[in-house]
Amino acid sequence: MSLSIKMDIDAVEDVTCLDPELLQLPDVSPFALKASPQLVEDFFSQWLSLPGTGHLVKSLIDDAKSGTIVNASANFSTLNAVGSHSLSSMFPSSNAPPLSPRSSSGSPRTSKQKSSPSALGSPLKLVSEPMQEIIPQFYFQNGCPPTKELKEQCLSQINHLFNNPLNGLQIDEFKAVTKEVCKLPSFLSSALFRKIDVEWTGIVTRDAFIKYWVDGNMLTMDIATQIFEILKRPGCKYLTQVDFKPVLRELLATHPGLEFLQNTPEFQDRYAETVIYRIFYHINRSGNGRLTLRELKRGSLVAAMQHADEEEDINKVLRYFSYEHFYVIYCKFWELDTDHDFFIDRENLIRYGNHALTYRIVDRIFSQAPRKFTSEVEGKMGYEDFVYFMFSEEDKSSQPSLEYWFKCIDLDGNGVLTPNEMQFFYEEQLHRMECMAQEPVLFEDILCQIIDMIAPEREYCITLQDLKRCKLSGNVFNILFNLNKFVAFESRDPFLIRQEREEPALTEWDHFAHREYIRLSMEEDVEDASNGSAEVWDESLEAPF
């Protein structure tokens, strides 16, 4: 019997769970039990000395061995009766201390939620049931539904614009819905209309719009996600160049800054292609031609779209949509494409920038090391390939440009530029300096200058991350294969440096495009004057297409 009792002693070590009611003692605070371990031992010894305790323990052990259900509550009630009588006999009636008043609010012990002894199977330890915390839903497969207030506000605007719910709106009447209800650029109107009018009925009814925009939870999405969902094809998780063509068609048809192109559809197509190539050059960082939602959110396209929708002068929208930028790109391509077959070969490209590039770097470009050509003609690059090249050449501060030229210089493709690889390209630069009677700069001096400029983590091993951390990385590539820009960097004009610092928002490409557009416009005016058209040139005039 003493061994059986000894087995149950460990259950009483947690004094916070020891209930004085089970010992048939006056109300005792758990804090008092914690502070006086000797008191606990005295209480437990008193409980063991009760006549019914031994019978209770023996009964519970026998029931556990036989596998029968333990009726702890019945046994415990019997023990209570015996314990109560034994406890009262400890004190004379005149000297018995009064019990503390039982209050549901005054006692911290009675205020705690308790489970019945029968539910736990043990008369010594009572465990409170854990509270269930309700976590609100935070993921919605089809987007977060709109709040009641937002939904009512949207429905009010819809009812105002859809005057006749039965007939609906035609595509030329739908622009107000796109601007006022959806808060999207107006030149997305046709794409949104076609997205809802899947059966090509030419009409979008009020109920059809509510089903797509409100019930489809488009209302609560951010604007980048809304544009992505509108433009992407069903079942696709990305955007391709074809998905942007309807947007550019509507922009060309409705934007006041592009009205002069209405009679030249050929240049409308070229402008649209150039804008799309620029979008994918800057935003599609994977370079696979599949623009993801994440890439769209991280890029500046949405802000540029909103700017283009609000600005009447399209040339002030420098990101992607500037017509002047398109004019410079197309004219550069047309100058190099001497046979006008819309392809450029090695000999054509070597003339770029007044023969600024070396033969070795041109060979690397045509080996398609930096980017695989979209042209299907062997040994020739197409217009899209030229757009990628030109942006990389004229703005070496951008990350796409750094990646483009890094792949050219990295001959073995191991992700590191070594002195041997850089020397291979600089040798031709050195030879060109000697031919031009310029003082040659030895490669050892150039290498020290590059290392000091980049400060790579590993000496004489330059990685792409090292280049991206340095603001002067573009000059490294100019030193290696562009002699004109290398000489210009060594003797740079302080006035131009100060001008660039005063306009930090403008990129190297913006400065280049502005200078080239002025030069090309002046050449065009001179040509017109020689042909008998003596119009006065104005820098603010649009391109003569």
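At a glance:
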| quantity | calculated |
| --- | --- |
| Unique residue being surrounded by fewer than 18 Cβ atoms within 10 Å (Cβ to Cβ), touching a residue at least 60 places away in the same chain (Cβ under 8 Å) and under 14 Å from M390 (Cα atoms) when the list is G353, G287 | G353 |
| Residue match in segment 297-304 (condition: touching a residue at least 24 places away in the same chain (Cβ under 8 Å) and outside the structural domain of W509 (by the TED database)) | yes |
| Out of E378, E403, sole residue that is among the charged types (D, E, K, R) and modelled with pLDDT of 95 or more | E403 |
| Residue ID - modelled with the highest pLDDT, chosen from residues in segment 137-150 that are assigned to a loop (DSSP other than H, G, I, E, B) and open to solvent by 100 Å² or more (accessible area, probe 1.4 Å) | Q137 |
| Test result for G202, touching a residue at least 12 places away in the same chain (Cβ under 8 Å), part of a loop (DSSP other than H, G, I, E, B) and touching a Gly at 6+ places or on another chain (Cβ under 8 Å) | no |
| Matching residues, segment 312-329, being under 17 Å from E508 (Cα atoms) and among the aliphatic types (A, V, I, L, M) | V317, L318, V328, I329 |
| Scan of segment 321-344 for residues that are closer than 14 Å to V377 by Cβ and touching a helix residue (DSSP H, G or I) at 6+ places or on another chain (Cβ under 8 Å), ordered by number | D337, F342, I344 |
| Filtered residue count, segment 205-224, keeping only those that are touching a Lys or Arg at 6+ places or on another chain (Cβ under 9 Å) and buried (at least 16 other Cβ atoms within 10 Å of the Cβ) | 5 |
| Residue pairs meeting the criteria (Cβ under 6 Å; at least 6 apart or on separate chains; first surrounded by fewer than 18 Cβ atoms within 10 Å (Cβ to Cβ), in segment 507-520; second among the polar types (S, T, N, Q)) | E508/S397 |
| Single residue of segment 436-489 satisfying the filter (touching a residue at least 60 places away in the same chain (Cβ under 8 Å) and outside any helix (DSSP H, G or I)) that is surrounded by the fewest Cβ atoms within 10 Å (Cβ to Cβ) | K471 |
| Unique match (being charged (D, E, K, R), at pLDDT 90 or above and within 28 Å of F391 (Cα to Cα)) among D445, D410 | D410 |
| Residues of segment 235-267 classified as farther than 29 Å from K372 by Cα, modelled with pLDDT under 95 and either within 23 Å of the chain's Cα centre (by Cα) or assigned to a loop (DSSP other than H, G, I, E, B) (or both), total | 3 |
| Residue in segment 167-190 that is on the phi > 0 side of the Ramachandran plot and not polar (S, T, N, Q) present | yes |
| Residue, nearest to the chain's Cα centre (by Cα), within segment 504-519, restricted to residues that are part of a helix (DSSP H, G or I) and among the hydrophobic types (A, V, I, L, M, F, W, C) | W509 |
| Filter result for S401 (open to solvent by less than 30 Å² (accessible area, probe 1.4 Å), in contact (Cβ under 8 Å) with a residue 40 or more places away in the chain and either in contact with an Asp or Glu (Cβ under 6 Å, 6 or more places away or on another chain) or not assigned by the TED database to the domain that holds W509 (or both)) | yes |
| Residue list for segment 521-531, restricted to those being open to solvent by 70 Å² or more (accessible area, probe 1.4 Å) and modelled with pLDDT under 75 | E527, S530, N531 |
| Test: residue in segment 188-195 that is under 21 Å from C144 (Cα atoms), open to solvent by less than 30 Å² (accessible area, probe 1.4 Å) and of a type outside the set (K, R) | yes |
| Residues of segment 372-391 that turn out to be hydrophobic (A, V, I, L, M, F, W, C), surrounded by 13 or more Cβ atoms within 10 Å (Cβ to Cβ) and in a loop (DSSP other than H, G, I, E, B), as a count | 1 |
| Members of segment 165-185 found to be open to solvent by less than 20 Å² (accessible area, probe 1.4 Å) and of a type in the set (G, A, S), listed by number | G168 |
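The values are calculated or read from the model by the stated rules, or taken from the named source; none is laboratory data. Nothing here was measured: the structure is a model prediction, and the numbers come from that model. Don't worry about glycine lacking a Cβ; one is built from the backbone with ideal geometry, like all the others, and counts go over all protein chains shown. Just the protein is used for accessible areas: all its heavy atoms, side chains included, with ligands, DNA and RNA removed. Shrake-Rupley method; radii C 1.70, N 1.55, O 1.52, S 1.80 Å.
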